[in-house]
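Before any comments, here is the structure.
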Amino acid sequence: AVVGAGLGGSAVAYFLQQHFGPQVQLDVFEPAGVGGRLATVTVNKQQYESRGASIHALSLHMQDFVKILGLKHRREVAGKSAIFSGEHFVLEETDWYLLNLFRLWWHYGISFLRLQMWVEEVMEKFMRIYKYQAHGYAFSSLEELLRSLGGDTFVNMTQRSVAESLLEVGVTQRFVDDVIAAVLRSSYGQSVLVPAFAGAMLLAGSQGSTWAVEGGNKLVCSGLLKLTKANIIPARVTGVSLHSSEGRALYQVHYEGSEGQGSAFYDMVVVTTPLHPSRSNFTFKNFEPPITDFPGAFQPSVTSVVHGYLNSSYFGFPDPKLFPFASILTTDTPNLFFNAMDNICPVNISAAFRRKQPQEAAVWRVLSQQPLDKQQLKTLFRSYYSVQVTEWQGYPRYDAAKSLPPIVLHENLFYLSGVEWVASSMEMIAVAAKNVALLAYNRWHQDLEKIDQKDLMHKVKTEL
């Protein structure tokens, strides 16, 4: 049984079938619709990503999924970004790459180079995971996984802030306050106190080239589930109770759907929805020792998709024709009521598509912590046709975590979404899905040589 049909659920179903073979029977429980957080909203008969919008070029599992499913990369529509302090722009992107570099250097010295070197060092080590997984190695805890990639340094990076780590490698406080804070606010909706590892992963995504799936990123989820011929059960799982049969654990999954309540027995269960009390009222019965609460909270975030005319004079451009930016990030300023906003393109982009001119009505996605009131919408827009609001608890509240959640809850009962406490992105979830599938397979076949091996870099080299 797989609980949840977001990216984690659909990827783990795919990988389980890859390893166990086509005869494995997969039931996927999903009350709300396939895709989870990879959702779209419709404006004027066009669909737009409401969140989960871009994928980093180095996301190898996501790249693979797109290839296997015959999907396409969406055409890139260029647009400039800027960082706004509530009063003025602290940094503006231009069309000239060299001028952008010069501006960064002029404002912040070599901070951006130091940042790049730091991020690249983390990413280079992180990329080892693909080699390990290709050789069938798995990890029974998030700490073991991190340790195999970057030693204790990676584990420590989940416990100290990105600000502290960057200041240590010589990035200036001003660069942290202006640029790093703006990037973290635009994604995680949080401050520079986010742990260094989660920060590094996000900053890698904002530096390199990114892409998205033509037709919407959620097509990856529906495509993988179709490919595995998984049986999708439209019901909400309320709990799991443990039974045993011939010395093996047997799990009874309890659920409720439109038909009422039901339950079914499984050899193996993977939970891909958050198990935090604020997010689910999931119960575990007959487990000894009991499966306890998962500490930590989630960060509320609000996405408002607004179809309207930007009020460019709020940003210091009285003539809307001259407003040059397609995306606006913000610094951590007390009176700023939004984290970021961008002029978004539909999920299907034709060859003839062009971005709206700044004086035309366009579709903007505004990210904030609280729903925007009428006055705030009036501040950002001269007038608007429609506003669609999605409130969701998108990311872990990173400052609240003292330790990482477990992957193995019981013999063949696994928890996938704990990985988001390390870092939250589509690729991190795909990596965790592959790890859980390998772990489940290796444990089922008692292949302990393939679990939590030390000195894997050396092992993989000799295997090659």
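The values are calculated or read from the model by the stated rules, or taken from the named source; none is laboratory data. No experiment lies behind these values; they were computed from the predicted model shown. Don't worry about glycine lacking a Cβ; one is built from the backbone with ideal geometry, like all the others, and counts go over all protein chains shown. In case anyone asks, the SASA skips ligands and DNA or RNA and just uses the protein heavy atoms, side chains included. Shrake-Rupley method; radii C 1.70, N 1.55, O 1.52, S 1.80 Å.
Details
- Neighbour-limited loop hits for chymotrypsin sites (Phe, Trp or Tyr not before Pro), region 62-122 (at most 15 other Cβ within 10 Å; DSSP other than H, G, I, E, B): W96
- Karplus 3J(HN,Hα) series, Hz, for region 186-200 with 6.51 cos²θ - 1.76 cosθ + 1.60 (x for Gly, Pro): 6, 10, 7, x, 10, 8, 6, 8, 4, x, 4, 5, 4, x, 4
- 10 Å Cβ shell holding at most 16 others, DSSP loop, trypsin sites (Lys or Arg not before Pro): longest site-free stretch of the chain: 76-159
- DSSP beta bridge pairing in the chain, given as percent antiparallel to the nearest 5: 75 percent
- Cβ-placed point charges (K, R +1; D, E -1), dipole of the chain about Cα centre in debye, nearest 20: 1080 debye
- Coil-residue GluC sites (Glu not before Pro) of region 54-151, DSSP, other Cβ within 10 Å capped at 14: E76, E87
- Three-way shape label, region 68-135, alpha-carbon gyration tensor, a/c 1.5: oblate
- Full extension of the chain between S403 and H107 gives 102.8 nm of extra length, using 0.36 nm per residue less the Cα-Cα distance.
- Spin-label proximity, R174 to region 97-135 - amide N less than 15 Å from point 7 Å beyond Cα toward beta carbon: 102-113
- Remark: spin-label model distance V77-Q116 equals 2.9 nm, labels positioned 7 Å along the Cα→Cβ axis.
- Extension reserve of the L193-H445 stretch, reckoned as 0.36 nm per residue once the Cα distance is removed: 86.5 nm
- Here the scattering of region 390-464 is modelled by Debye summation over its C-alpha atoms, one equal scatterer each and no solvent; at q = 0.21 Å⁻¹ the log10 of I(q)/I(0) is -1.07.
- Using the alpha carbons alone, the radius of gyration of region 163-234 stands to its Kirkwood radius in an Rg to Rh ratio of 1.20.
- Neighbourhood charge, 15 Å Cβ-Cβ cut-off, centred on F381 and excluding it, Lys, Arg +1 and Asp, Glu -1: +2
- Placed amide H near I349: partners under 5 Å, 5+ positions off or other chain: R75, G215
- I68-T379 FRET efficiency (beta carbon distance; Förster radius 41 Å; 0.05 resolution): 0.35
- Three-way shape call for region 335-464 based on the alpha-carbon gyration tensor, with the a/c threshold at 1.5: prolate
- Which of V3, L456, Y97, positive extreme of dipole for the chain (C-beta unit charges): Y97
- Rh (Kirkwood; distinct C-alpha pairs) - region 89-233, Å: 17.6 Å
- Alpha carbon centroid spacing (whole Å) that separates region 222-258 from region 329-369: 39 Å
- Calculated P(r) of the chain - Cα pairs past 39 Å, %: 23 percent
- Gain in span if fully extended, T238 to E164, counting 0.36 nm per residue against the direct Cα distance: 22.6 nm
- Local electrostatic count, F294, Cβ distance below 14 Å [Lys/Arg +1, Asp/Glu -1]: +1
- Ellipticity estimate at 222 nm from DSSP helix runs (n ≥ 4, -39,500 (n - 2.57)) divided over the chain, nearest 500: -9500 deg cm²/dmol
- Counting only protein heavy atoms and a 1.4 Å probe, the chain has 46 square angstrom of accessible area per residue.
- Three principal axis lengths of region 32-166 [C-alpha, angstrom, descending]: 50, 46, 27
- Placing dummy labels 7 Å off each Cα toward the beta-carbon, the span from D152 to S263 is 4.6 nm.
- Rounded to the nearest Hz, the phi-derived 3J(HN,Hα) couplings of region 166-183 under the Karplus curve 6.51 cos²θ - 1.76 cosθ + 1.60 (θ = phi - 60°) are 6, 4, 5, 8, x, 6, 7, 4, 5, 5, 4, 5, 7, 8, 5, 4, 5, 5, where x marks glycine and proline.
- Of K125/K434; K45/K321; K45/K374; K72/K226; K125/K459; K67/K226, those spanning more than 21 Å from alpha-carbon to alpha-carbon: K45/K321; K45/K374
- Karplus-derived HN-Hα couplings along region 83-91 (A = 6.51, B = -1.76, C = 1.60, θ = phi - 60°), whole Hz, x at Gly and Pro: 10, 10, 9, x, 10, 8, 7, 8, 8
- The H on the amide N of R37, modeled in the peptide plane, is under 5 Å from the matching H of L7, each at least 5 residues off or on a different chain.
- Sequence-distant contacts, meaning Cα pairs under 8 Å at least 6 residues apart, place the relative contact order of region 212-365 at 19 percent.
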